[in-house]
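Student: Have a look at the structure that comes next, please.
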Amino acid sequence: MTLSDIAAGLEVTTVQRDRGVVVADDTETPLVDRLRAHENALPCTAAATATLVDAYTAGRSVADTAEEAGVTPMTAAKALHRCGVDGVCPLAPTRRGVVRDWLDGRISRREAVALTGGDGADFALAAYMETHDPIPAAANAVEAAVAGSSPLGGALGSTDPLGDAVGSPDDLR
């Protein structure tokens, strides 16, 4: 049996997301300044959004980040979503399908809310996320800021718990 015999009948059913060329952002422009150009499309100010992104990507909950930024948790989740941050939708993929069915007019709102678990706030947030895509430029700014915030070996040393396990460039002689 040849490889072409094995591959006979295979077909591609999904499309891979083209992420493009990896960019190192060394502009030193703060995230808040990058988001300011998209402030009209965000549900809160650029300063509040930057605070939300910083706190959420540091591992804090949406509710904690909202309190820190001075906005409601619903607004925080919307802003994070518009900035392309994953993990803020309160519904699982199957339940998001129910929201799409409601948006397409296939089922009533009452039925859709019941099928998604009966929480009106979660349903409203999921509906917002289904009808508002992330802002590509804001998502790119957030991605660059998050990628640039990690010390890619620059901060390794005595304060790092694994600092003694990683050699320095001087050790390569």
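The values are calculated or read from the model by the stated rules, or taken from the named source; none is laboratory data. Note that this is a predicted model, so its numbers are computed, not measured. All Cβ positions, glycine included, derive from the backbone under ideal geometry; neighbour counts span all protein chains shown. Accessible surface is based on the protein model in full, side chains and every heavy atom, while ligands, DNA and RNA are left aside. Shrake-Rupley method; radii C 1.70, N 1.55, O 1.52, S 1.80 Å.
Student: Could you list all residues from the stretch 23-48 that are crowded, with 18+ Cβ neighbours inside 10 Å and touching a residue at least 60 places away in the same chain (Cβ under 8 Å)?
Tutor: Hits for the stretch 23-48 are 31, 34, 35, 38, 42.
Student: Continuing with the same structure: Inspect all residues belonging to the stretch 113-120 and state whether any of them is at pLDDT below 85, out of contact with any strand residue (DSSP E or B) (no Cβ under 8 Å at 6 or more places or on another chain) and loosely packed, with under 15 Cβ neighbours inside 10 Å.
Tutor: Scanning the stretch 113-120 turns up at least one residue that is at pLDDT below 85, out of contact with any strand residue (DSSP E or B) (no Cβ under 8 Å at 6 or more places or on another chain) and loosely packed, with under 15 Cβ neighbours inside 10 Å.
Student: Open to solvent by less than 50 Å² (accessible area, probe 1.4 Å), touching a His at 6+ places or on another chain (Cβ under 6 Å) and in a loop (DSSP other than H, G, I, E, B): is that true of residue 71 in this structure?
Tutor: No: the conditions fail for residue 71.
Student: Now for a separate question. Looking at the stretch 113-143 only, could you name the residues that are closer than 16 Å to residue 75 by Cβ and in contact (Cβ under 8 Å) with a residue 60 or more places away in the chain?
Tutor: 135, 138
Student: For residue 4, which of the numbered conditions (1) at pLDDT 90 or above; (2) open to solvent by 70 Å² or more (accessible area, probe 1.4 Å); (3) not in a loop (DSSP other than H, G, I, E, B) fails to hold?
Tutor: Unmet condition: (1).
Student: Has the stretch 100-110 got at least one residue that is open to solvent by less than 30 Å² (accessible area, probe 1.4 Å) and part of a loop (DSSP other than H, G, I, E, B)?
Tutor: Taking every residue of the stretch 100-110 in turn, none turns out to be open to solvent by less than 30 Å² (accessible area, probe 1.4 Å) and part of a loop (DSSP other than H, G, I, E, B).
Student: With 157, 163 as the choices, which residue is modelled with pLDDT under 90, loosely packed, with under 13 Cβ neighbours inside 10 Å and touching a helix residue (DSSP H, G or I) at 6+ places or on another chain (Cβ under 6 Å)?
Tutor: 157
Student: Would you pick out the residues in the stretch 76-99 that are within 16 Å of residue 43 (Cα to Cα) and either surrounded by 20 or more Cβ atoms within 10 Å (Cβ to Cβ) or aliphatic (A, V, I, L, M) (or both)?
Tutor: Matches in the stretch 76-99: 76, 77, 78, 79, 80, 81, 82, 83, 85, 88.
Student: Mind listing whichever residues of the stretch 111-123 are assigned to a helix (DSSP H, G or I) and either touching a Ser or Thr at 6+ places or on another chain (Cβ under 8 Å) or of a type in the set (S, T, N, Q) (or both)?
Tutor: The answer is 122, 123.
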